[in-house]
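The values are calculated or read from the model by the stated rules, or taken from the named source; none is laboratory data. Remember, it's a predicted structure, so these values are computed and weren't measured experimentally. Here the Cβ positions follow ideal geometry from the backbone for every residue, glycine too, while neighbour counts run over all protein chains shown. Just so you know, the surface numbers come from the protein's heavy atoms only, side chains and all, with ligands and any DNA or RNA stripped out. Shrake-Rupley method; radii C 1.70, N 1.55, O 1.52, S 1.80 Å.
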Amino acid sequence: MKRTYNFIYKQLVSDENDVVGHVAYALYKSNKIEYIENFKSTHNGQEPSEEDLKPFHDISCSQSSIKRYKTQAMQITCNFLDLTLSETAKQIEEDYIKNHNEHLKSVIEPIKPMNKKKQFWYGVLQSILGAFFFALIVAAFAFIKNYNNK
């Protein structure tokens, strides 16, 4: 028996870059596989002949079915794009926040005051050094005054 072809691919897909059309064609093929499996289950595993597939082809090639395939494909494609774009936007936002926080840390770190414990001991060290140098200067003046008096 000569095999007949339906040309639904050309009705669903306009060119190689037609993603929606390719998804619509995949939906058609999925329905065809489902039809064949149902046929086999009701006919003791027998493969459908070309004549047995004719009702499926007649229904699937109708304008309403083609429109339904394209509408479903458009919905699937839109859902995929929405999901992809929302995930991408979320990732961009997370990357921005991370980079922004790292930048703020690099700007603030040099001007950030020490912790209180370090500040206290730094102040004590300053006081001791200041007192030492003050005593040294007073001793120098006293030495100079005593040296000049003799």
1.4 Å probe accessible area per residue over the chain, in Å²: 84 Å²
Region 56-150 - charge dipole about Cα centre, Lys and Arg +1 at Cβ, Asp and Glu -1, debye rounded to 20: 840 debye
Cα coordinate range in the chain, projected on the principal axes (Å, largest first): 138, 35, 23
Partners for Lys90 among lysines (Cα-Cα distance below 22 Å; same-chain residues under 8 apart left out): Lys98
Virtual spin-label span in nm between Thr88 and Gln126, 7 Å along Cα→Cβ: 5.4 nm
Range of Cα positions in region 86-136 per principal axis (Å), largest first: 70, 16, 6
Per-residue ³J(HN,Hα) for region 73-82, Karplus 6.51 cos²θ - 1.76 cosθ + 1.60, θ = phi - 60°, Hz, x for Gly and Pro: 5, 5, 5, 4, 5, 5, 4, 4, 5, 4
Theoretical ellipticity at 222 nm over the chain - DSSP helices of four or more residues, -39500 (n - 2.57) apiece, nearest 500: -28000 deg cm²/dmol
Within the accessible area of the chain (1.4 Å probe), percent carbon and sulfur: 62 percent
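What is the magnitude of the charge dipole of region 3-79 about its Cα centre, with +1 placed on the Cβ of each Lys and Arg, -1 on the Cβ of each Asp and Glu, and no other charges, expressed in debye to the nearest 20?
The calculated dipole for region 3-79 is roughly 200 debye.
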Positive-end extreme of charge dipole, the chain - chosen from Ala135, Pro113, Tyr35 (charges on Cβ): Ala135
